[in-house]
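Note sheet for the following structure.
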Amino acid sequence: AAGAILAVGVFALRYFPEASRAENSDLQVGVSLNGLSLDGVNLDIAQGRFVLALFSPTCGRCQKEVPKLNEFQQVADLPSVLALTSFPAESKALSKFKEDLRPKYEIATISLTDFRRLTYNHGYPRLAYVDDGVVQAVWEYFQLPDVDQLRRAVRGTQPLHDG
C-alpha cells in the first residue's frame, strides 16, 4: 500500500506541473512549434512547410489513415508529410507498422511529454499544417482533410519549393 501511495505521489509531482500546459495544447493555430526535438529524421520543422501527423503505430485509426497520408505525400503541390510518434524508431511496434503499412513519409520520434501535450484531450491521429514552425491549421481524427481540403488550407501562401 505504501508503495502505491508513493507511486501516485511521484506521478502527481511529475504530472500536475505540466497539467495546465497539456490542457492548453501547443497544437493550436498560430502557435510556434520551434524547438520541438525530432529524433530519427534530419528535418527542422522551423524551416519549410509540413503536414504533421501525430500518431501511434498501435492505433487502429492511425493505421487506417496511412493510405491518405501516402496520397498527400505523392501530391506535388502539397507540403511533405512528417509523422510524429512517441515510439522509438527501434521499437517493435513502429518496425511492424512500417513493414505492414509501408508509409511513404518520414516518421520522427518526439518525447512522450511532447506527444501527450500535443494530443491531450484530442486523441490521434491528429494533423496540423505547419509553415516555418507555426501551426496554420489543425484537424482532429474525426475530421481529417482530403487532398482538396488540404490544398485550400495551404492556398494563399508562398509557392512550395522543390527539394
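The values are calculated or read from the model by the stated rules, or taken from the named source; none is laboratory data. Computed from a predicted structure; not experimentally measured. Note: ideal-geometry Cβ built from the backbone for every residue, glycine included; neighbour counts use all protein chains shown. Surface accessibility is based on the protein's heavy atoms, side chains included, excluding ligands, DNA and RNA. Shrake-Rupley method; radii C 1.70, N 1.55, O 1.52, S 1.80 Å.
Considering the range 104-114 alone, what residues qualify as being open to solvent by less than 30 Å² (accessible area, probe 1.4 Å) and either modelled with pLDDT of 95 or more or part of a loop (DSSP other than H, G, I, E, B) (or both)? Talk me through it step by step, then tell me what you get.
Kept after step one, since they are open to solvent by less than 30 Å² (accessible area, probe 1.4 Å), are these residues of the range 104-114: 105, 107-110, 114.
Answer for the range 104-114, where residues must be open to solvent by less than 30 Å² (accessible area, probe 1.4 Å) and either modelled with pLDDT of 95 or more or part of a loop (DSSP other than H, G, I, E, B) (or both): Y105, I107, A108, T109, I110.
Conditions first: (1) of a type outside the set (A, V, I, L, M); (2) out of contact with any Phe, Trp or Tyr (no Cβ under 7 Å at 6 or more places or on another chain); (3) surrounded by fewer than 19 Cβ atoms within 10 Å (Cβ to Cβ); (4) touching a residue at least 24 places away in the same chain (Cβ under 8 Å). T119 passes all but one, so which condition is the exception?
Checking T119 against (1) of a type outside the set (A, V, I, L, M); (2) out of contact with any Phe, Trp or Tyr (no Cβ under 7 Å at 6 or more places or on another chain); (3) surrounded by fewer than 19 Cβ atoms within 10 Å (Cβ to Cβ); (4) touching a residue at least 24 places away in the same chain (Cβ under 8 Å), the one that fails is (3).
What's the total number of residues in the range 130-155 that are in contact with a strand residue (DSSP E or B) (Cβ under 7 Å, 6 or more places away or on another chain) and assigned to a loop (DSSP other than H, G, I, E, B)?
Total meeting the criteria: 4.
G35 is checked against (1) free of Cβ contacts under 8 Å to residues at least 12 places away in the same chain; (2) in contact with a Leu (Cβ under 8 Å, 6 or more places away or on another chain) and fails just one. What number does that condition carry?
(2)
Table: residues versus (1) over 21 Å from D44 (Cβ atoms); (2) touching a Ser or Thr at 6+ places or on another chain (Cβ under 9 Å).
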site: L82; (1), (2): no, no
site: S86; (1), (2): no, yes
site: A93; (1), (2): yes, yes
site: Y120; (1), (2): yes, yes
site: Y124; (1), (2): yes, yes
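Just to verify a result, which residue in the range 31-47, among those that are among the polar types (S, T, N, Q), at pLDDT 90 or above and in a loop (DSSP other than H, G, I, E, B), is least open to solvent (accessible area, probe 1.4 Å)? Even if it seems obvious, please write down each step before you answer.
Filtering the range 31-47 for residues among the polar types (S, T, N, Q) gives 32, 34, 37, 42, 47.
With at pLDDT 90 or above added as a condition, the list becomes 32, 37, 42, 47.
Of the ones still in play, those that are also in a loop (DSSP other than H, G, I, E, B) are 37, 42, 47.
On the way: S37: 70, N42: 153, Q47: 133 Å².
Top of the filtered list is S37.
Test each condition in (1) of a type outside the set (F, W, Y); (2) assigned to a strand (DSSP E or B); (3) surrounded by fewer than 19 Cβ atoms within 10 Å (Cβ to Cβ) for L127 and report the one that comes out false.
Condition (3) is where L127 drops out.
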